[in-house]
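Report on the following structure.
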Amino acid sequence: MEMMKVIAMRKSTRSYKPEQISDESLNNIISAGCAAPVGNGAYDTIHITVIQNSNLLNKIAKTAANMFGAPNSNPLYGAPTLIIVSGIPNEQFPNVEIANAACIIENMTLAATDAGIGSVYILGALCAFNADKELLKELDLPEGFVPISGIALGYPTEPLAQERELKQNIKINTII
């Protein structure tokens, strides 16, 4: 698919079929994430965790939903795959781990769209790991890493959006 078309079709998917995405699609999406730029080329400060275990996904969703005061909601939207990007906070370059995770996840969302797989950026639900340290241990992260953000993936219950017109809806100024 042409890149601008993929960008024009990308949307946040918030309802998924229960069937798991293929290993091939998952590997392509992860490869796209690994191709993202990382500050100072410090790839060793980034870690990716793929969760496809339904029991763990349910624990994460339930903990997050309770934190949000909405115990009947599912902040992972029923997605059968959750990828968490973790990083090491960097005092010399504050918040670079957040920028790194954003670049990685954006590449993944575009690769998912290209493959016809739904995705949604996950941020708030990761607060579950702050609330439940036992849940955090289940991620088996290397020393010093903390979850930054994530992406939920799966086959959408509704078709992906049709290509939409790309608009410059962010205010722009040009200095010459």
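Of the residues making up segment 20-39, those that are open to solvent by 50 Å² or more (accessible area, probe 1.4 Å) and either within 26 Å of Asp140 (Cβ to Cβ) or small (Gly, Ala, Ser) (or both) number 8. Is it the case that Ile151 is open to solvent by less than 50 Å² (accessible area, probe 1.4 Å), modelled with pLDDT of 95 or more, in a helix (DSSP H, G or I) and under 22 Å from Gly33 (Cα atoms)? No; evaluated as a whole, the condition is false for this residue.
Here Ile98 meets each of (1) open to solvent by less than 60 Å² (accessible area, probe 1.4 Å); (2) β-branched (Val, Ile, Thr); (3) within 23 Å of Leu136 (Cα to Cα) with one exception, condition (1). Being in a helix (DSSP H, G or I) and open to solvent by 60 Å² or more (accessible area, probe 1.4 Å) holds for only one residue in Glu134, Glu143, Glu158, and it is Glu134. Can you say whether Ile105 is within 13 Å of the chain's Cα centre (by Cα), modelled with pLDDT of 95 or more and open to solvent by 20 Å² or more (accessible area, probe 1.4 Å), as far as the supplied structure shows? No. Just one of the listed residues (Gly78, Gly69) is among the small types (Gly, Ala, Ser), surrounded by 15 or more Cβ atoms within 10 Å (Cβ to Cβ) and at positive phi, namely Gly78. Checking the structure you have, find out if any residue of segment 157-176 is under 24 Å from Leu56 (Cα atoms) and under 18 Å from the mean Cα position of the chain (by Cα). Within segment 157-176 (the criterion being under 24 Å from Leu56 (Cα atoms) and under 18 Å from the mean Cα position of the chain (by Cα)), the answer is no, since none of the residues qualifies. Condition first: buried (at least 18 other Cβ atoms within 10 Å of the Cβ) and either touching a helix residue (DSSP H, G or I) at 6+ places or on another chain (Cβ under 7 Å) or outside any strand (DSSP E or B) (or both). Now tell me which residues in segment 40-61 satisfy that. Residues satisfying the conditions are Thr45, Ile46, Ile51, Leu57, Ile60, Ala61.
Can you pull out every residue in segment 62-72 that is assigned to a helix (DSSP H, G or I) and either touching a Lys or Arg at 6+ places or on another chain (Cβ under 9 Å) or under 22 Å from Phe145 (Cα atoms) (or both)?
Selection gives Thr63, Ala64.
Only one entry in Ser86, Ser25, Ser31 is among the polar types (S, T, N, Q), assigned to a strand (DSSP E or B) and at pLDDT 95 or above, namely Ser86. Across segment 9-19, the qualifying residues are those that are in contact with a Pro (Cβ under 7 Å, 6 or more places away or on another chain) and surrounded by 15 or more Cβ atoms within 10 Å (Cβ to Cβ), and the one among them that is farthest from Cys127 (Cα to Cα) is Tyr16.
Within segment 81-95, the residues that satisfy the criterion of being under 19 Å from Gly144 (Cα atoms) and either aliphatic (A, V, I, L, M) or open to solvent by 50 Å² or more (accessible area, probe 1.4 Å) (or both) are Ile83, Ile84, Val85, Ile88, Pro89, Asn90, Glu91, Gln92, Phe93, Pro94, Asn95.
The values are calculated or read from the model by the stated rules, or taken from the named source; none is laboratory data. Small disclaimer: the values here were computed from a predicted structure and weren't measured. We place every Cβ from the backbone using ideal geometry, glycine too, and count neighbours over all the protein chains shown. All accessible areas refer to the heavy atoms of the entire protein, side chains included, with ligands and DNA or RNA removed. Shrake-Rupley method; radii C 1.70, N 1.55, O 1.52, S 1.80 Å.
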